[in-house]
Amino acid sequence: MEKFFELYETANVFLVEQFGDLGPLLVIGVLGLFLVLLTLPTLLKKQSDPLDKLRAAAQASTAAETAGDKKRLRRKNGKGDKLEKYSGFLEPQNEQEYSAVALKLLQAGYRSKDAVRTYHFLQFALGILFLCLGIVYAIYSSATGEPTTQALIMSVIIPGAAGYMMPKYWVTRRQAAREEEITNGFPDALDMMLVCVEAGQSLDQSIIRVSGEIRAGFPALADEFEIVSHEMKAGKDKQQVLRDMSERAGVADVASFVTVLIQSASFGTSIAEALRVYAGEMRDKRVMRAEEKANKLPTKMTLATMMLTVPPLLIILIGPSVYGIAQTLSEANF
């Protein structure tokens, strides 16, 4: 280990003598760029598996029809997917990882088929962009001052990591905001659906009516109900449609609602009665969430109260005494 550190110090001194203070950083940058350039051709020109060729040959007719439909749609829209040829590099090859990312984007409101590809492309592009900006900043700071090697390396790595994590942070925030919107609007949607069902409309008609009425206040929930209505009109199985809605929403209240509707349809009970009971529970749960937030408020305000109230109070109470003691000591010294 000591020999390793001695070798490291010798190499570091040599690089600094040859290339200046940026010598180690330049070597690391060149090695990183060389590794990226060495890896990209392998990833982009990945050889196909013979077994995949056999499967593709067995499904040639279906694949050709699907590809023709996609090309016609692209020509109709006037644009194509420019990232499709890089799908092997941009999309996860593991099916479970791909499904997890696709579900996260779906719950954040991104429903396009190339959402996963675009998401990983943005991660890669922003990571490289911020990494280049970090290198520029490191060169500028080295030219105007004498920063340490560790500071230069961190000024390059931190922006690159921040650029790579920025899309993930954005999607997580969008997902949380959308789940909160669905949770807040779901009790009102259930009350409106109950009114529609008791007025004589079917469940499909009530879902269509609710999706149109709540769009102004809760567009995310209105989109989910609209998707459900379109899938039911297309002839998809109603239970599967409701399960898909629960998966897209990612909210526990919606999952419970779907379970109630499925059980009501399976056992032949009245949907209006099930909606009435569940809508009452949702109203009670909304009141409980409001009370929970109200009970947390004093605890959250404690620190702010101490920081904004205690120092002025101490100044008012102790300030005159401190001033009098200072005056007494100054008179005693004279």
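Before moving on, here are some points about what is shown:
- Residues that are open to solvent by 40 Å² or more (accessible area, probe 1.4 Å) and not aromatic (Phe, Trp, Tyr), drawn from segment 126-145: Leu126, Ile128, Leu129, Leu131, Cys132, Leu133, Ile135, Val136, Ile139, Ala143, Thr144
- Look at segment 111-130: where a residue is closer than 12 Å to Val101 by Cα and a partner is aromatic (Phe, Trp, Tyr), sitting 6+ places away or on another chain with Cβ atoms under 7 Å, you get Val116/Tyr98.
- Residue within segment 290-302 that is farther than 30 Å from Pro187 by Cα and of a type in the set (A, V, I, L, M, F, W, C) present: no
Residue by residue, here is whether (1) touching a residue at least 24 places away in the same chain (Cβ under 8 Å); (2) exposed (fewer than 14 other Cβ atoms within 10 Å of the Cβ) holds:
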position: Val228; (1), (2): no, no
position: Glu231; (1), (2): no, no
position: Ala272; (1), (2): yes, no
position: Gly280; (1), (2): no, no
position: Pro320; (1), (2): no, yes
position: Ser330; (1), (2): no, yes
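- Evaluation of Arg174 against the conditions (1) closer than 28 Å to Val30 by Cα; (2) open to solvent by 80 Å² or more (accessible area, probe 1.4 Å) shows that the sole unmet condition is (1).
- Qualifying residue in segment 199-215 (condition: modelled with pLDDT of 85 or more, among the acidic types (Asp, Glu) and open to solvent by less than 50 Å² (accessible area, probe 1.4 Å)): no
The values are calculated or read from the model by the stated rules, or taken from the named source; none is laboratory data. All values reported here derive from a predicted model rather than from experimental measurement. All Cβ positions, glycine included, derive from the backbone under ideal geometry; neighbour counts span all protein chains shown. Side chains are part of the model used for accessible areas, which takes the heavy atoms of the whole protein and leaves out ligands, DNA and RNA. Shrake-Rupley method; radii C 1.70, N 1.55, O 1.52, S 1.80 Å.
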